[in-house]
There are 6 protein chains.
Amino acid sequence: MSEITRADGRSPGDLRPITIERGWSAQAEGSALISFGGTRVLCTASFTNGVPRWLTGKGKGWITAEYAMLPRATNDRNDRESVKGRIGGRTHEISRLIGRALRAVVDTKALGENTIVIDCDVLQADGGTRTAAITGAYVALADAIEWGRAKKFIAQRATPLIDSVSAVSVGIVDGEPLLDLAYVEDVRAETDMNVVVTGRGFFVEVQGTAEGAPFDKRELDALLDLAVAGCADLRDIQTAALAPNED
Amino acid sequence: MSEITRADGRSPGDLRPITIERGWSAQAEGSALISFGGTRVLCTASFTNGVPRWLTGKGKGWITAEYAMLPRATNDRNDRESVKGRIGGRTHEISRLIGRALRAVVDTKALGENTIVIDCDVLQADGGTRTAAITGAYVALADAIEWGRAKKFIAQRATPLIDSVSAVSVGIVDGEPLLDLAYVEDVRAETDMNVVVTGRGFFVEVQGTAEGAPFDKRELDALLDLAVAGCADLRDIQTAALAPNED
Amino acid sequence: MSEITRADGRSPGDLRPITIERGWSAQAEGSALISFGGTRVLCTASFTNGVPRWLTGKGKGWITAEYAMLPRATNDRNDRESVKGRIGGRTHEISRLIGRALRAVVDTKALGENTIVIDCDVLQADGGTRTAAITGAYVALADAIEWGRAKKFIAQRATPLIDSVSAVSVGIVDGEPLLDLAYVEDVRAETDMNVVVTGRGFFVEVQGTAEGAPFDKRELDALLDLAVAGCADLRDIQTAALAPNED
Amino acid sequence: MSEITRADGRSPGDLRPITIERGWSAQAEGSALISFGGTRVLCTASFTNGVPRWLTGKGKGWITAEYAMLPRATNDRNDRESVKGRIGGRTHEISRLIGRALRAVVDTKALGENTIVIDCDVLQADGGTRTAAITGAYVALADAIEWGRAKKFIAQRATPLIDSVSAVSVGIVDGEPLLDLAYVEDVRAETDMNVVVTGRGFFVEVQGTAEGAPFDKRELDALLDLAVAGCADLRDIQTAALAPNED
Amino acid sequence: MSEITRADGRSPGDLRPITIERGWSAQAEGSALISFGGTRVLCTASFTNGVPRWLTGKGKGWITAEYAMLPRATNDRNDRESVKGRIGGRTHEISRLIGRALRAVVDTKALGENTIVIDCDVLQADGGTRTAAITGAYVALADAIEWGRAKKFIAQRATPLIDSVSAVSVGIVDGEPLLDLAYVEDVRAETDMNVVVTGRGFFVEVQGTAEGAPFDKRELDALLDLAVAGCADLRDIQTAALAPNED
Amino acid sequence: MSEITRADGRSPGDLRPITIERGWSAQAEGSALISFGGTRVLCTASFTNGVPRWLTGKGKGWITAEYAMLPRATNDRNDRESVKGRIGGRTHEISRLIGRALRAVVDTKALGENTIVIDCDVLQADGGTRTAAITGAYVALADAIEWGRAKKFIAQRATPLIDSVSAVSVGIVDGEPLLDLAYVEDVRAETDMNVVVTGRGFFVEVQGTAEGAPFDKRELDALLDLAVAGCADLRDIQTAALAPNED
């Protein structure tokens, strides 16, 4: 890795300061206020006994996610999607991504006929909102599952969580691969990639996009290496947040 | 006032613990995270130089507000209004109330041709979300106006804020008038009233509704007295939050 | 009361000419075309045996209301809300107000598992449309309840209507409290208040708003006195309209 | 014509009682409350000087129409289209029909760059709402044009109305061609036709639909004859309503 | 018929070249890609065993149709109705017309409790899209019914199709009645008529509109004669397309 | 590569039969009907001189794309998004993907202030609709750019197309990496990846998702190798379709 120093003083392979306030919401069955630097996302998990009608009787649970941004989470205010009367493409796409990421580490048979809805609301946005959302959502999800177990909606010996999951962005800025892009870096990135990795180091999603010049296999590999290392760090932070003495 | 003690130990004329985290958002021109007990509302004020087309050239500013609730701010999850594709009646009504309350203390001529949009997003709801929103929105508004003055969008000698404004709920529960109802009190109230009062003690809004039995003039007067006293306390808390050493 | 004479020659405490054409619609179970001066509202009550699914089996009825304005009820044509694809905040707010006002005088247990939907469509608007709507809606409601009793959907000895209800606007114009504001008065009012009062003289709703300068307790009391007197007159007009020889 | 007598005592070639209350609305530039028996439609014409942007500078006017039904105009209450958030196919289709019918008798060059919007709101429906709407709309349109002339938005010597227009339904019920179907006849009709005819007897629209068995040329001709005669009567009623001593 | 020759060389009573590619879609139970000259419409028929809830248990089937146009079917691109969030009046009107035309030749008792949804998507538009849609939809419908019979959802001896149906446009251009108008003719037509005729020569729909000057009975008769002859030709083309060796 | 044979007889690294009917639409400035086996997508490119307001005066062009599926493109009929009144998340996501893929090979400065809208409508779906759409859209785009050059909206010497672009799906089925998945393979894939590659072999998008078990780096590399080879074949087919003698 080069000697480059970033605007906020980080090295190319550094995450921004990460904080997770587990149990931020008094009402949700699981919740976490997560920060990736200036990006702050409130993740809540709502547990319901039962599943949507189309899934009833199959002995399987259901997990879904919704992502949204407060109108003034960004530098300029955006109109509310509720006011516009429809949800934009970016919002839909990220909601779907978060849902897939979480479902990848859940054994829905073990979850039983229960539904968990994850809401990720971006309170402040400074790049990497979807990756912060996935990382925080895992913590909220884990607590909601424990809540369901304590309430006996989930069998005592069932282990619905088969792995953990976190996500991070990587990108090439001025020819340099960087981990966990802040907004000012993100807008300048030639290539931008979001990578979702399980606690055991397997890929769940790899979404790379050439914003500027298309990229080659060597660049792709460099980015993936950074992302895998970053997600290993995030996994450790999640583990610490979920440690019993945290509660 | 009677000997009654409430579920949370308050006397009938007590506010819940009120906290205001001024400047919570790094991006908005003014912001405040306000708590009325378990109710937490993030208020941001977005300042734009210029006014909507229909107001252009009249030498006056414009202030508007939008209120919304995160899906899991409440005990049960509510569907997002952006997903439903339309805004409910309650949301509209409260947004309009907040806007009127703020405009009542602003001299739009002194504001000049500037627009301030206030967003009040309820992160956690435990009764009194609209009154917390108004009270916090005033703090965000005051900071946004100072920002506009610092940027010279507002004339140095202009005083757009002609008074302060706060709001509180009052209600009759088991025949007893109570200040600042928590959710468990609100659902049991026979009469429910939201009162918006200026710092100088004048009424901006009086909205009383008989949820159970209709009420008489004597009850109305008792509720108004409680509300005026509560808003005087809120005004002092706002003043403290806006004191220079807070920043 | 002062010597002031209003644009239409009324004294400050006078209602406009009020007319109620009961049974205007041949199809609704109850209906009234009500005029408050130039304001004309067609109120219909639709009776359905049964209640919405979420209320089934609780032994209680349901009453709801919808308010709307024809596009050319006003001086300038407004776009239809059906064409815009969404209902504005004002429409929602008034619909909710009318529903609450009517439910305040109905014993839903006595109504039994029946639903009454009230539609208030403003055919011509000259101020006070919501108060005319509530006053006319009560007449339509009373007839629909009698229809339900005649059809044996409501028990013979049940008395779902526990009181009557009417509403009137009051406001301060040029420092003078006035009853039942016409549109030209309404736009000039410093304070505007809608008051819903039962036949026995209790308050159901008090909604006062400072449009100009905030108001004090003395002004509030003067307005409430005017409103209570006006609603007593409206109650008598409702009673006359509902007298058997009217039919 | 056969000896048949209809449910309401009419002969096959009789119109229902037709009434036109011209100038029913105090606010619109032209208006008429028209009744075809139990069908009552409030038609208003809103005159605006100027045309939509896409028509500006072409020296031509614009006429458009919107049709809607109050929720309880019919025997069972229908949900409001504003509440559903979209306009149904039938509403669209009839709005377009009314607009075409009126434009057929207007010389838009002579109208000048003025816009007239016609609103036809069905207050009570008993068959033939679209034909009543067209017939009443013509009266409202004629008055709006005179208003525009009086205000000098239309040139003194211009004659924007090149003919009058009215409409009537015809249908085959039990093998018998009938004029101006009431609702109970309409639901039983094997063939249903709406015919729009100018004052001079030319066709503007012929819309015939086989609801039951398809029809042949002889039946079509019989229906057209009835319709032409009916529209001639309607033209005379319109002329009487528009006579100066009516105003 | 006159000596006139049209832009594409046709005589006034000529159809454009008509082609029907039966079974174009591998997935639908019936399908046809139909061309009327440059107009190309893909018609699919989707067969479902069962009927909508409101029709259940009545022993009758249900047929409905939806019409839509690809955004670049026309010379200028139109916004998608899915993007606009609502369906235009023209789309609704044509969908309803196609549904009525097909239902006119179906015995829904013989169809049994089965639903057939016809989709008519205009891939390229050059006038007469609704008449091409009806004509092609009949072919798709016939195949879907045979599919339902083969699958034993329809009784072996039942004959749900009681006749065939096709449609064609006619119009008066420069005073001349013409059959099957291409787009360049359609925009110049003084009168435009769509006629739906059964294989046996009965009328299902007659929809004539004066786009320019109103028309008289003689012109109407001339147009109807042309249309009946054109539909007889279309019936023969449909029959050929549905012949067993076509499959 | 293994000996495996797929349901349709292909080897793991084989594309399905690919056909491109360039110029399928007579009206669009560029068009292609592309087939990837049973998947058929109609791609049209609409050229407009000028750009959206927010881009005006920057000397750059704009390219955007919309993807949609006919209701009966699939085995079961889906409701139209225009009827539902909103666009689903999947549709949004794919539209955005296509737009990014095309913009990656366009020099918008060289395009000048022109807008090209690409519509990709799936007429029949059998897996890989988004990759077929991108591959066909490139052909339509290339023709629209040539049209713009011929019309002199694009400078003679400008080369807006800096590379070509195509896309293909790859996935792991039963542990085996396969190229260009048909629908029956897609639903069984453990990992599913869409890869967009330029004619010169650079990546524009890499979107891999673990549908079943997460995947490791070795599997990712195997899939990327297959995709790069498949896109090289698609590039040759595009080149052939765009050869002058094709026109």
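If you scan region C:6-21, which residues turn out to be part of a strand (DSSP E or B) and in contact (Cβ under 8 Å) with a residue 24 or more places away in the chain?
Matches in region C:6-21: C:Ile18, C:Ile20.
I want to confirm something. Restricting to region C:186-199 and keeping residues that are among the aliphatic types (A, V, I, L, M) and open to solvent by less than 20 Å² (accessible area, probe 1.4 Å), which single residue is farthest from B:Arg200 (Cα to Cα)?
The extreme case among them is C:Val197.
Of everything in region E:53-62 that's touching a strand residue (DSSP E or B) at 6+ places or on another chain (Cβ under 6 Å) and surrounded by fewer than 24 Cβ atoms within 10 Å (Cβ to Cβ), which residue is nearest to E:Thr131 (Cα to Cα)?
Here the residue is E:Trp62.
Given the criteria touching a helix residue (DSSP H, G or I) at 6+ places or on another chain (Cβ under 6 Å) and away from chain D (no Cβ under 14 Å), does E:Gly38 qualify?
No; evaluated as a whole, the condition is false for this residue.
With respect to E:Arg77, is the statement that it is among the basic types (Lys, Arg), within 14 Å of chain D (Cβ to nearest Cβ) and in contact with a strand residue (DSSP E or B) (Cβ under 7 Å, 6 or more places away or on another chain) true?
no
Within region A:41-50, count every residue that is open to solvent by less than 30 Å² (accessible area, probe 1.4 Å) and either more than 9 Å from chain B (Cβ to nearest Cβ) or among the β-branched types (Val, Ile, Thr) (or both).
Count: 5.
Might you let me know whether region A:22-32 holds any residue that is hydroxyl-bearing (Ser, Thr, Tyr), part of a strand (DSSP E or B), under 27 Å from B:Leu42 (Cα atoms) and open to solvent by 10 Å² or more (accessible area, probe 1.4 Å)?
Checking region A:22-32: not a single residue is hydroxyl-bearing (Ser, Thr, Tyr), part of a strand (DSSP E or B), under 27 Å from B:Leu42 (Cα atoms) and open to solvent by 10 Å² or more (accessible area, probe 1.4 Å).
Hey, among B:Arg40, B:Arg103, which residue is of a type in the set (Lys, Arg), out of contact with any Lys or Arg (no Cβ under 6 Å at 6 or more places or on another chain), modelled with pLDDT of 95 or more and closer than 22 Å to C:Ala213 by Cα?
Exactly one of B:Arg40, B:Arg103 is of a type in the set (Lys, Arg), out of contact with any Lys or Arg (no Cβ under 6 Å at 6 or more places or on another chain), modelled with pLDDT of 95 or more and closer than 22 Å to C:Ala213 by Cα, namely B:Arg103.
Among (1) crowded, with 22+ Cβ neighbours inside 10 Å; (2) among the small types (Gly, Ala, Ser); (3) more than 23 Å from C:Leu102 (Cβ to Cβ); (4) within 10 Å of another protein chain (Cβ to nearest Cβ), which single condition is C:Gly171 missing?
(4)
Counting only residues that are open to solvent by 40 Å² or more (accessible area, probe 1.4 Å), within 12 Å of chain B (Cβ to nearest Cβ) and out of contact with any helix residue (DSSP H, G or I) (no Cβ under 8 Å at 6 or more places or on another chain), how many does region C:85-117 have?
3
If you scan region F:25-37, which residues turn out to be at pLDDT below 95 and not hydroxyl-bearing (Ser, Thr, Tyr)?
F:Ala26, F:Gln27
With respect to B:Gly212, is the statement that it is in a loop (DSSP other than H, G, I, E, B) and on the phi > 0 side of the Ramachandran plot true?
Here the answer is no, as B:Gly212 does not meet what is asked.
Name every residue in region E:192-208 that is modelled with pLDDT of 95 or more and more than 15 Å from the chain's Cα centre (by Cα), in order of residue number.
If the condition is that a residue be modelled with pLDDT of 95 or more and more than 15 Å from the chain's Cα centre (by Cα), then E:Arg200, E:Gly201, E:Phe202, E:Gly208 are the ones that fit.
Name the residues in region A:155-168 that are in a loop (DSSP other than H, G, I, E, B), surrounded by fewer than 23 Cβ atoms within 10 Å (Cβ to Cβ) and touching a residue at least 12 places away in the same chain (Cβ under 8 Å), would you?
A:Ala155, A:Ala158, A:Thr159, A:Ile162, A:Asp163, A:Ser164
Do you know which of the residues in region B:124-152 that are open to solvent by 10 Å² or more (accessible area, probe 1.4 Å) and out of contact with any Ser or Thr (no Cβ under 9 Å at 6 or more places or on another chain) is nearest to the other protein chains (Cβ to nearest Cβ)?
Among those residues, the one meeting the criterion is B:Trp147.
Hey, could you check region D:193-247 for residues that are closer than 16 Å to D:Tyr138 by Cα and hydroxyl-bearing (Ser, Thr, Tyr) and say which is nearest to the other protein chains (Cβ to nearest Cβ)?
D:Thr198
Would you mention how many residues in region E:200-219 are touching a residue at least 40 places away in the same chain (Cβ under 8 Å) and open to solvent by less than 30 Å² (accessible area, probe 1.4 Å)?
4
Within region E:55-99, track down each residue that is assigned to a loop (DSSP other than H, G, I, E, B), among the β-branched types (Val, Ile, Thr) and either free of Cβ contacts under 8 Å to residues at least 40 places away in the same chain or closer than 16 Å to D:His92 by Cα (or both).
E:Ile87
Give the residue that is surrounded by the most Cβ atoms within 10 Å (Cβ to Cβ), with candidates limited to residues of region E:174-185 that are among the aliphatic types (A, V, I, L, M) and closer than 23 Å to E:Ala101 by Cβ.
By that ranking, first place goes to E:Leu181.
Within the bounds of region D:57-72, is there any residue that is within 14 Å of chain E (Cβ to nearest Cβ) and under 23 Å from C:Ala28 (Cα atoms)?
yes
All but one of (1) more than 8 Å from chain B (Cβ to nearest Cβ); (2) within 14 Å of the chain's Cα centre (by Cα); (3) assigned to a helix (DSSP H, G or I) hold for C:Asp121, so report the exception by its number.
Among (1) more than 8 Å from chain B (Cβ to nearest Cβ); (2) within 14 Å of the chain's Cα centre (by Cα); (3) assigned to a helix (DSSP H, G or I), C:Asp121 violates only (3).
Looking at region B:153-168, which of its residues are within 30 Å of B:Glu185 (Cβ to Cβ) and either of a type in the set (S, T, N, Q) or within 14 Å of chain C (Cβ to nearest Cβ) (or both)?
B:Asp163, B:Ser164, B:Val165, B:Ser166, B:Ala167 - these are the residues of region B:153-168 that are within 30 Å of B:Glu185 (Cβ to Cβ) and either of a type in the set (S, T, N, Q) or within 14 Å of chain C (Cβ to nearest Cβ) (or both).
The values are calculated or read from the model by the stated rules, or taken from the named source; none is laboratory data. Here the structure is a predicted model, which means the values were calculated and not measured. No Cβ is skipped: glycine too gets one built from the backbone with ideal geometry, and neighbour counts run over all protein chains shown. Just so you know, the surface numbers come from the protein's heavy atoms only, side chains and all, with ligands and any DNA or RNA stripped out. Shrake-Rupley method; radii C 1.70, N 1.55, O 1.52, S 1.80 Å.
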